[in-house]
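*Asks:* Before I ask anything, let me first share the structure, which is written out below as structure tokens.
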Amino acid sequence: MRAVLVIAGRDLRALFRSPLAWLLLAGASFVTAWVFLWFVQGFMATVPHLPPGEHNTGVTDLVVSPTFIWVALVLVVLTPLLAMRLLAEERRSGTLRLLRSAPVSATAIVLGKFLALLSMLWLIVAIAAAMPLSLELGTTLDLGRLGAGVLALALLAAAFGAISLFISSLTRQPLLAAFASFGAILLLWIINLAASGATISGFGWLAFQTHLDALLRGLVDTQDVAYFLILTLLFLGLSVWRLDAERLEG
Amino acid sequence: MSTERSEPVIHAEHLERRYGRLRAVAGLSLSVKRGEILALLGPNGAGKTTTLSMLTGNLAPHAGRILIAGYDLAESPRQAKRALGYLPEIPPLYPELTVTEYLRFCARLHGYGRKDARTAATATCARCGLEEVASRLTGHLSKGYQQRLGIAQAIVHRPEVIVLDEPTVGLDPVQIRSTLALIRDLAADAAVIVSTHLLNEAATVASRVAIMAHGRIVHETAGDTGATRRLRIECARPPARDRLARIKGIKSVETTAPGVFVLELSADSDPHAELLRSAVEEDWGLTAMAAVHTSLEDTFLAALGTRPGEAA
């Protein structure tokens with residue numbers, strides 16, 4: 001367990017010493033803030049036309065949920081970029097050999113990397129969640145729904161992270177890993193389009209959007225939570241398997 | 001370090017490793033005791049790096065087994081790796097970390113606590129001559145320092161087995177000397193395996209030299225201990241062969257030309273002084289006296305099945 005923290009600590013340090021992390025963090029905050037203010041402005045324009053007494057419930061619908069959808073899209077783009085170096089770079093520079101010849105299991109390596117990535121992603125989610133939360137100063141928010149939204153984003157980030165980490169474990173080219181991860185995440189995002197019309201289908205269940213929408217509506221269903229957790233565990237497991245298998249293939 | 005101390009701390013049996021149809025390592029066995037330096041010598045492509053990758057757990061052998069400090073590397077990898085330090089061909093450095101941060105990270109990977117890791121990093125810096133660059137980023141170090149840091153990384157947790165893959169590649173002659181001195185120093189309390197394709201390097205540093213070709217050890221020989229084993233003398237008025245053979249420390253005498261002798265020396269006593277005194281007292285008219293190195297090169301080329309002069 002300590003090895004996991006040691007590895008995560010080093011990765012975070014490396015991440016924050018490169019301009020990339022700061023740039024991405026700034027970009028994410030900027031986009032979220034922009035979108036958030038845009039939705040707030042839209043809401044302000046709509047309020048006068050709402051039936052009296054209704055505007056307190058409307059703010060979560062009209063501002064929080066749409067903002068969170070955008071945060072999810074930001075994560076689609078950022079996660080591959082933040083994750084691309086995790087294992088690909090270690091392989092390219094030969095430092096993977098350092099970890100492999102240390103008394104550390106492949107599981108600890110994968111979990112350490114994942115923990116570092118997840119801390120970064122959750123920081124982005126926390127910043128994004130703080131913006132709608134500031135509306136609490138002037139209006140009443142549906143905090144339960146906000147909580148469900150944050151949970152959705154946190155789970156989504158974990159799943160994206162695990163997928164990107166696995167893809168980073170397949171190659172020694174960080175940029176290639178980023179593009180491939182982006183493609184994979186995008187595919188899982190839009191896969192439900194293949195099954196247009198059907199409400200519950202295999203494709204529909206596979207897609208991120210189905211489960212994200214449910215959670216953003218405030219419906220915390222075990223099935224949706226399980227979907228994200230299964231996806232995360234599956235890809236973490238695949239990463240461990242990949243690191244172990246590599247020793248056999250050479 | 002000639003005393004034999006206990007069991008070998010690293011022991012490999014019948015290692016085998018294939019890449020597709022190519023057998024990179026084919027039935028290799030070795031064992032090294034504490035205090036010993038084994039040089040794996042071989043041409044490029046002989047399977048040295050593959051062997052070292054297997055010994056350090058980076059590659060799984062297709063057959064055979066490896067014991068490090070009594071632990072089977074395949075069955076209890078964590079215990080085995082705790083006793084292991086490894087410098088790969090390219091030093092595995094993280095360019096964003098400073099030298100001390102990097103060494104602390106390596107120590108912590110091996111289970112050191114924060115405080116112990118700090119102490120170990122400082123001590124290792126001093127041992128490897130890295131103090132003046134301790135706060136520099138590893139990515140900004142010169143090649144020589146990077147290589148040193150690579151060795152430092154391998155020894156920061158005081159392992160019993162140290163594996164170094166071509167530790168002097170890319171260094172200048174001064175750096176090579178100091179690196180070899182450091183390696184000899186490491187062998188004081190560890191078993192060291194060094195791979196190299198440089199004959200003189202293997203000869204100077206190793207207590208044993210294993211010559212590798214086609215994935216196996218084809219010949220094993222003692223390293224050059226610095227003592228001359230054969231001596232060639234030329235005399236204008238040569239003494240009888242028996243006279244020379246009577247000198248203590250001379251095992252046998254061979255005449256290669258009139259007045260030219262090649263003397264085989266025994267390991268236990270040095271005949272130089274008596275030889276010179278006799279030559280003066282008995283007026284042999286000594287004109288030349290030179291050490292004949294049974295060079296490792298001859299052994300190497302013979303082991304590879306190439307006659308001297310044939311090699312490019």
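*Asks:* For the charge dipole of the range B:8-222, defined by +1 on Lys and Arg C-beta atoms and -1 on Asp and Glu C-beta atoms about the Cα centroid, which residue among B:A63, B:A188, B:L137 has the Cα displaced farthest towards the positive pole?
*Replies:* The residue sitting most towards the positive pole is B:A63.
*Asks:* Subtract the Cα-Cα distance of A:L233 and A:R92 from 0.36 nm times their separation in residues, and report this length gain in nm to one decimal.
*Replies:* On the way: separation 141, 0.36 × 141 = 50.76 nm, distance 2.57 nm.
Result: 48.2 nm gained on full extension.
*Asks:* Could you work out Rg/(2.2 N^0.38 Å) for the range B:41-135, with Rg from alpha carbons only? Each step should come with its number before you reach the end.
*Replies:* Details: Rg = 15.8 Å, N = 95, 2.2 N^0.38 = 12.4 Å.
Rg over 2.2 N^0.38 Å, computed on Cα atoms: 1.27.
*Asks:* Only bridges with both residues in the range B:8-222 count here: give the DSSP antiparallel percent, nearest 5.
*Replies:* Values: 23 of 41 bridges.
Bridges in the range B:8-222 are about 55 percent antiparallel.
*Asks:* For the protein assembly as shown, what is one quarter of the convex hull surface built on the Cα atoms, given in nm²?
*Replies:* Values: hull surface 137.0 nm².
Reported value for the Cα convex hull: 34.2 nm².
*Asks:* Moving on to the next point. Answer with one residue from B:T51, B:A245, A:F43: the one whose Cα lies farthest towards the positive end of the charge dipole of the protein assembly as shown, charges on Cβ with Lys, Arg +1 and Asp, Glu -1.
*Replies:* Result: B:A245.
*Asks:* How high is the relative contact order of chain B, given as a whole-number percent (alpha carbon pairs under 8 Å, six or more residues apart)?
*Replies:* On the way: 613 pairs, mean separation 59.6, N = 312.
Across chain B, relative contact order equals 19 percent.
*Asks:* In nm, to one decimal, how far is the B:E264 label point from the B:R78 one, both placed 7 Å along Cα→Cβ?
*Replies:* About 5.5 nm, to one decimal.
*Asks:* So, in nm, how far is label B:E297 from label A:L123 when the simple model puts each one 7 Å beyond its Cα toward the Cβ?
*Replies:* With each label point 7 Å from Cα toward Cβ, the separation is 5.8 nm.
*Asks:* Sticking with this one: Take every Cα pair under 8 Å in chain A that's 6+ residues apart, average their separations, divide by the length, and report that relative contact order as a whole percent.
*Replies:* Working: 289 pairs, mean separation 62.9, N = 250.
Relative CO of chain A lands at 25 percent.
*Asks:* Taking amide hydrogens as modeled 1.01 Å from N in the peptide plane, which residues meet the under 5 Å criterion relative to B:A191, leaving out close sequence neighbours?
*Replies:* Answer set, sorted by chain and number: B:G35, B:V161, B:I162.
*Asks:* Roughly how big is the range B:1-104's charge dipole about its Cα centre, with Cβ charges of +1 (Lys, Arg) and -1 (Asp, Glu), in debye to the nearest 20? Working shown, then result.
*Replies:* Values: 13 positive and 10 negative charges, 39 e Å.
Rounded to the nearest 20 debye, it is 180 debye.
*Asks:* Count of lysine pairs in the protein assembly as shown with Cα atoms under 28 Å apart, counting only pairs 8 or more residues apart in sequence or on different chains? Don't jump to the answer; show the numbers that get you there.
*Replies:* Numbers: A:K113/B:K81; A:K113/B:K115; B:K33/B:K48; B:K33/B:K81; B:K48/B:K81; B:K48/B:K143; B:K81/B:K115; B:K81/B:K143.
Lysine pairs satisfying the spacing and distance rule in the protein assembly as shown number 8.
*Asks:* So, one more: Let's see if you can work this out: charge +1 on each Lys and Arg Cβ, -1 on each Asp and Glu Cβ, no other charges. What is the dipole magnitude of the protein assembly as shown about its Cα centre, in debye to the nearest 20?
*Replies:* 340
*Asks:* Taking one equal scatterer on every alpha-carbon of the range B:123-271, how large is log10 of I(q)/I(0) by Debye at q = 0.14, 0.17, 0.18 1/Å?
*Replies:* Calculated log10 I(q)/I(0) at the listed q: -0.80, -0.97, -1.04.
*Asks:* Looking at the protein assembly as shown only, what percent of DSSP beta bridges run antiparallel? Nearest 5 please. Walk me through the numbers on the way to the answer.
*Replies:* Values: 40 of 58 bridges.
Roughly 70 percent of the beta bridges in the protein assembly as shown run antiparallel, per DSSP.
*Asks:* What do you get for Rg/Rh of chain A when both radii come from the Cα atoms and Rh is the Kirkwood radius?
*Replies:* Checking Rg against Rh, the ratio lands at 1.02.
*Asks:* If you wrap a convex hull around the Cα atoms of the range B:230-292, how much volume per residue is inside, in Å³? Could the numbers behind the result be given before it?
*Replies:* Numbers: hull volume 4.4 nm³, N = 63.
So the per-residue Cα hull volume is 69 Å³.
*Asks:* Taking the Cα centre of the range B:8-222 as origin, work out the dipole magnitude from +1 charges on Lys and Arg Cβ and -1 charges on Asp and Glu Cβ, in debye rounded to 20. Intermediate values should be presented prior to the final figure.
*Replies:* Working: 25 positive and 19 negative charges, 74 e Å.
Dipole size: approximately 360 debye.
Read-outs throughout are calculated quantities, based only on the coordinates presented, and are distinct from any laboratory measurement. Being a predicted model, the structure only gives us computed values, none of them experimental. Positions of Cβ are backbone-derived with ideal geometry, glycine not excepted, and every protein chain shown enters the neighbour counts.
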